[in-house]
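Input: a single structure, listed below in structure tokens.
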Amino acid sequence: MTRVDDLPLREELRGQTAYGAPQLDVPVRLNTNENPYPLPEPLVARIAERVAEAARGLNRYPDRDAVELRTELAAYLSRTAGHAVGTGQVWAANGSNEIIQQLLQAFGGPGRTAIGFEPSYSMHALISRGTGTGWISGPRNPDFTVDVAAAVREIAERRPHVVFVCSPNNPTGTAVEAETVVALYDAAQAARPSLVVVDEAYGEFSHHPSLLPLIEGRPNLVVTRTMSKAFGAAGLRLGYLAADPAVVEAVQLVRLPYHLSSVTQATALAALEYTDTLLGYVAQLKRERDRVVQSLRACGYDVVDSDANFVQFGRFADSHAAWQAILDHGVLVRDNGVPGWLRVSAGTPEENDAFLTAAESVRKAFD
Ligand code: PMP
């Protein structure tokens with residue numbers, strides 16, 4: 001039997017395992033920061049309608065520049081993120097992972113480096129590796145906020161080509177302050193200049209306003225977003241960025257032609273028609289997230305303040321054993337490999353109750 005390592009594989013991929021959380025069939029799955037609410041039925045019907053329309057034209061390639069979709073995404077950001085942007089400032093792709101990949105293809109690559117402040121979203125490092133970009137693991141404070149002085153020092157010394165700032169941060173839920181982003185941006189411009197990517201995949205769940213207004217006058221600042229979380233459409237695969245129009249032009253140098261199918265564009269447009277309904281679910285999830293934080297603290301856990309739709313809690317002498325013990329109660333949470341901590345996504349009130357019951361009895365067992 002041929003093994004992967006028998007193939008003429010790139011050296012840096014040898015011995016690696018594919019990224020992905022376990023997809024286990026358990027009653028309560030709170031491990032991948034999904035939105036627990038299925039799309040409302042009227043939206044499902046609207047998607048069917050718009051997809052049928054798109055299907056009639058499937059003999060043709062899709063709109064390569066996804067202009068209608070980018071216009072609607074720009075309108076959504078302008079309305080909700082505190083800063084007006086136009087179609088030319090927005091770019092869309094198959095999930096924000098593809099957006100990140102396109103950014104690294106255009107601004108990273110062999111002989112170049114990217115930095116992130118860890119623990120953070122592990123795909124930043126993995127997509128860097130996949131695009132041949134060297135990865136630099138930058139520091140955080142013990143409370144998981146970005147250590148600004150250390151980060152600025154690291155940027156000045158290592159002079160990375162791409163700087164990732166995840167806000168709210170996955171897996172800790174920590175929001176980054178605007179002044180911190182400005183300090184990192186200024187350091188990155190003085191060092192090289194380099195591209196600063198603010199990953200706002202969970203932006204809609206934050207107690208704080210979006211960092212989007214910071215793109216004004218900062219042509220090397222990019223904000224990435226996704227419809228996977230707030231829009232409850234992880235299966236759709238639709239991510240997007242907002243930045244200076246020059247950044248949008250740059251990613252068009254590396255995107256595959258017709259990367260965004262007509263079906264994807266039609267579905268995303270239908271979902272955007274239901275923005276207000278979907279943001280209503282976000283409001284409910286934010287309340288549930290806050291309840292999970294308070295309840296975990298009340299039963300004695302350490303909990304990191306969360307601005308996302310998930311919560312990092314601990315501490316455990318053996319977080320993997322605790323993960324298994326919670327799983328034994330039929331609740332799947334995430335062991336991100338942050339020693340002492342686990343992460344749980346905010347679910348429906350019933351799912352959160354099941355999780356909190358499990359967490360309480362595991363806490364007793366581990367005391
Ligand atoms: N950024 C962050 C911080 C994430 O947690 C995720 C998903 N887990 C993504 C980006 C990618 O999301 P998607 O590709 O579904 O848009």
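Read-outs throughout are calculated quantities, based only on the coordinates presented, and are distinct from any laboratory measurement. Everything numeric here is computed off the predicted structure, so don't read it as measured data. Neighbour counts run over all protein chains shown; Cβ positions are idealised from the backbone, glycine included.
Based only on Cα atoms, what Rg/Rh ratio does the range 320-367 have, Rh being taken as Kirkwood's radius?
0.94
Can you give the helix-only mean residue ellipticity at 222 nm for the chain, where every DSSP H stretch with n ≥ 4 adds -39500 (n - 2.57) and the sum goes over all residues, rounded to the nearest 500 deg cm²/dmol?
Calculated at 222 nm, the ellipticity per residue is -13000 deg cm²/dmol.
Which value, in debye to the nearest 20, gives the size of the charge dipole of the chain about its Cα centre, when Lys and Arg are +1 and Asp and Glu are -1 at the Cβ?
The calculated dipole for the chain is roughly 620 debye.
Work out, in µm²/s and without decimals, the Stokes-Einstein translational diffusion coefficient of the range 198-330 at 10 °C, 1.306 mPa s, Rh from Kirkwood over C-alpha pairs.
90
With unit charges on the beta carbon (Lys/Arg positive, Asp/Glu negative), name the residue among 160, 95, 80 whose Cα is farthest towards the positive pole of the charge dipole of the chain.
Checked the options; the winner is 160.
Lys and Arg at +1, Asp and Glu at -1: add these up for the other residues within a Cβ distance under 14 Å of residue 150 and post the number.
My count for the surroundings of residue 150 gives -2.
Could you tell me whether the range 249-305 comes out rounded, prolate or oblate from its Cα gyration tensor? Rule is a ≥ b ≥ c as square roots of the eigenvalues, rounded for a/c under 1.5, then prolate if a/b exceeds b/c, otherwise oblate.
oblate
Using DSSP to define loop residues, name the GluC sites (Glu not before Pro) in the range 244-309 whose beta-carbon has at most 16 other beta-carbon atoms within 10 Å.
Hits after loop and neighbour filter: nothing returned.
What's the Kirkwood radius of the range 154-249 in Å, using all Cα pairs?
Answer for the range 154-249: a Kirkwood hydrodynamic radius of 13.9 Å.
Once each part is reduced to its C-alpha centroid, what is the distance from the range 169-196 to the range 87-102 in angstrom?
Here the two parts' Cα centres lie 19 Å apart.
Any idea what log10 I(q)/I(0) is at q = 0.13, 0.17, 0.22 Å⁻¹ for the range 40-166, Debye with uniform C-alpha scatterers and no solvent?
-0.76, -1.02, -1.21
Once the Cα atoms of the chain are picked out, what are the Rg and Dmax in Å?
20.7, 63
Counting other C-beta atoms within 10 Å, and keeping those with at most 13, which DSSP coil GluC sites (Glu not before Pro) do you find in the range 124-214?
Within the range 124-214, no GluC sites (Glu not before Pro) qualify (loop, at most 13 other Cβ atoms within 10 Å).
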